[in-house]
1. How large is Rg over Rh for the stretch A:6-50, taking Rg from the Cα atoms and Rh as the Kirkwood inverse mean of 1/r across Cα pairs?
2. With r defined as the distance between the Cβ atoms of residue B:17 and residue A:4 and R0 fixed at 22 Å, what FRET efficiency is calculated, to the nearest 0.05?
3. Place a point 7 Å from the Cα of residue B:101 along the Cα-to-Cβ direction; which residues of the stretch A:144-167 have their backbone N under 20 Å from it?
4. I need the calculated FRET efficiency for the pair residue A:92 and residue A:28, taking r as the beta carbon distance and R₀ as 35 Å, to the nearest 0.05.
5. Calculated FRET efficiency, residue B:133 and residue A:154, Cβ-Cβ r, R0 56 Å, to nearest 0.05?
6. How far apart, in nm, are two points set 7 Å out from the Cα along the Cα-to-Cβ line at residue A:50 and at residue B:214?
7. Calculate the spin-label point distance for residue A:136 paired with residue A:36, positioning each point 7 Å from the Cα along the beta-carbon direction, and give it in nanometres.
8. Between residue B:226 and residue A:11, how many nm apart are label points set 7 Å from Cα along the C-beta direction?
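Throughout, read-outs are computed from the coordinates displayed, never taken from laboratory work. As the structure is a prediction and not an experimental result, all values here were calculated from the model. All Cβ positions, glycine included, derive from the backbone under ideal geometry; neighbour counts span all protein chains shown.
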C-alpha cells in the first residue's frame, strides 16, 4: 500500500540535492511562513519582503549541504531568513520596525494570558500604549518574543534560529516578557 | 510552478547555482575545531610557563624580599603569560562559536572547559619542562619578552643586589668557582665559608648564588643553590 503522507523536509532536501527542480517543493512549503516572519521583522507591506525571501531561498539552496539532516529543517531556514533580514538593517544602518499593533497585541495577550477578545484589545489607546511599550524593548527581546509568541517556536528552535545557547534564549524570553509587561503598565500611570 | 517557486528555480538555472559540496562545510567545521584545539594547546603552554614562574617563586623562597613583600610578590606574577592565556581562551571561545553547533554552548561553559583543559595539559607540559624551555627560548630571542617577563634570570642576575646566577665553568671544591652569568659575563666566586645547597656543583651545572660583590668580576658567596 502506498504511503500518502507528505514527504518530510529531509526527503525534500535529499531530492533537491539530486535535482534542482525538486527544490520548488521546499519553496512552496516555506514560502508563506517565511514571508510572514520576514514581514513581522520588516513591517507589513515593506517593499523588500519579496526580494529578501528570494535571497533566502537562493542562499538556502547554495548551502543545502550545511543542513544537518538529524535536526529539523525549519529552524535552519528560519535562521537564514533572520540573518538575511538583519543584514538588510545593517546595510541600511536602521533598526527593524516595532511590531505592528495586531501582532504586538497578540504577543501581549499571550504574555499576559489574556483572552484576545477582551474589550481592551479594540481600544485604540491600548494599541498606542502597546506600540510605545514595544518600542522600548531592545531588538534581542523583540526577536525572541516574535519567535516564541507569534511563530510559536520552541526554545530549542529559537536557539537554532538565533544561534544562541538555549539557556540564553530562556533568559531572554523571560526578561523580554517582564520588560514588555513593565513598560506597558508603566504607560498606564 | 507558478509563483515564487518558479522564479527561484529559474534564478538557480540562470545563475548556474549549485549546492556547495558537503566537504566544504566539513572542512570549514574541522578548521574551526582545529583552531580551537590549537588555542587550548597554546593556552596550555602559557599555563606551563606560569607554573614554572610560580614554582620559581617557591623555589627561591622569595629571595630578595624585604619586610614589605607585596611589591616583590606582584613583581613575580607572570602577567605576560596570564594575559597570553586569557587571549588564547578568547580565541578558543571564538573558534568554538564558529563551528556548526558551537553557538549552543554557553560562554561560561566553553571558557571553563578551555581553561580546565589548558591547566591539565599545562601541568603535564610543566612536568616535561616545556614551561622553562619556552621561557628560555623566548628570552634569548625576543628582547621585549625578557623585559616584560621580569625573568628569573634577570632578577637573579643582580650582583650588586647580592644575587648571581649562571653556568659553572670550573669548580675548585671548597675554594672557588668560575661562572658565566646569563649575559655571558664570567665571574670568579669565592666559596670559602659558603653554604653549599646544590645537589651537584660541577662544571656545566646552572646555579644561583647569594653573597656580596667584591670586585669588577669577583663575588663572595654565602650560599650556592641549584638553579632549578
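1. Rg/Rh for the stretch A:6-50 comes to 1.13.
2. Computed FRET efficiency for residue B:17 and residue A:4: 0.10.
3. Label zone hits: A:154-167.
4. 0.70
5. 0.60
6. So the two model labels end up 9.9 nm from each other.
7. Spacing of the two 7 Å Cα→Cβ label points: 3.0 nm.
8. 7.3
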